[in-house]
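Read-outs: derived from the displayed coordinates by stated rules, not from any lab. Because the structure is a prediction, the values reported are computed rather than measured. For neighbour counting, all protein chains shown are included, and Cβ atoms are generated from backbone atoms with ideal geometry for every residue, glycine included.
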């Protein structure tokens, strides 16, 4: 496997529609001023967070169970800013929609801007031929409320190219998260 460069990312994004919408360069400002950057980086792509959030709540005293997940464990909000309570968790999704090539795997990781404040983005693998919006998982490890900004950079996807094409892709397996849009809750 080899890490893919910014030139490769631009080529794949424009010719194969791998990332839509796509920013070919790092974007660091908008009409309101400085933002947390997004767009193409040296060996990856910094994704933006949409304005759809699901924040964990214990209002129903549910148990978190991946085999029997209670959607009422979340409060859904649509806003430009999400406040994650202390020592809590929220889900969001990328603005970007991905269509992964058959010979590439992606690794989602956090951006240092948020990591330095105690906001952890769970690492997620994007398998060959998976497509959809990436559901992002944010953990606020601090004893203070924390802000996540919609429409700004929140995580990075690193792309690794395989030496050979996989035998069975995520699409071949009819993966349960194939084609997901919106913030997608756990499925079994």
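In this structure, residue 124 and residue 83 have a Cβ-Cβ separation that, at R0 = 22 Å, corresponds to a calculated FRET efficiency of about 0.45.
Against the compact-protein benchmark of 2.2 N^0.38 Å, the Cα-based radius of gyration of segment 59-101 scales to 1.51.
Here residue 187 and residue 160 are evaluated by their C-beta separation; at R0 = 35 Å the FRET efficiency comes out at 0.90. Taking 134, 81, 126 in turn, the Gaussian network model of the chain (Cα-Cα springs below 10 Å) assigns the largest fluctuation to 81.
Can you tell which of 154, 36, 47 shows the greatest fluctuation in a Gaussian network model of the chain with Cα springs below 10 Å? Comparing 154, 36, 47 in the GNM, the peak value goes to 36.
Once the mean of 1/r is taken over each pair of separate Cα atoms and inverted, segment 4-64 shows a Kirkwood hydrodynamic radius of 14.0 Å. The Cα center of segment 2-16 and the Cα center of segment 150-165 differ in position by 10 Å. Report, in degrees rounded to the nearest 10, the 0 to 90 angle that the Cα long axis of helix 6-15 makes with the longest principal axis of the chain. Long axis of 6-15 versus the principal axis of the chain: about 90 degrees.
Of the residues 33, 44, 132, the one that moves most in a GNM of the chain with alpha-carbon contacts below 10 Å is 33.
The label-point distance for residue 115 and residue 75, in a model that sets each label 7 Å from Cα toward Cβ, rounds to 3.0 nm. For segment 21-107, a/c is not less than 1.5, where a ≥ b ≥ c are the root eigenvalues of the C-alpha gyration tensor, and a/b does not top b/c. That puts it in the oblate class. Semi-axis lengths, largest first, of the ellipsoid equivalent to the chain are 27, 22, 13 Å, with √(5λ) applied to each eigenvalue of the Cα gyration tensor.
Taking only the Cα atoms of segment 47-153, the ratio Rg/Rh comes out at 0.98, with Rh defined as the Kirkwood radius. Most tightly packed first, judged by the mean number of other beta-carbon atoms within 10 Å of their residues, the peptides 172-180, 90-98 read 90-98, 172-180.
The helix-based estimate of mean residue ellipticity at 222 nm for the chain, built from -39,500 (n - 2.57) per DSSP H run of four or more residues and divided by its residue count, is -2000 deg cm²/dmol to the nearest 500.
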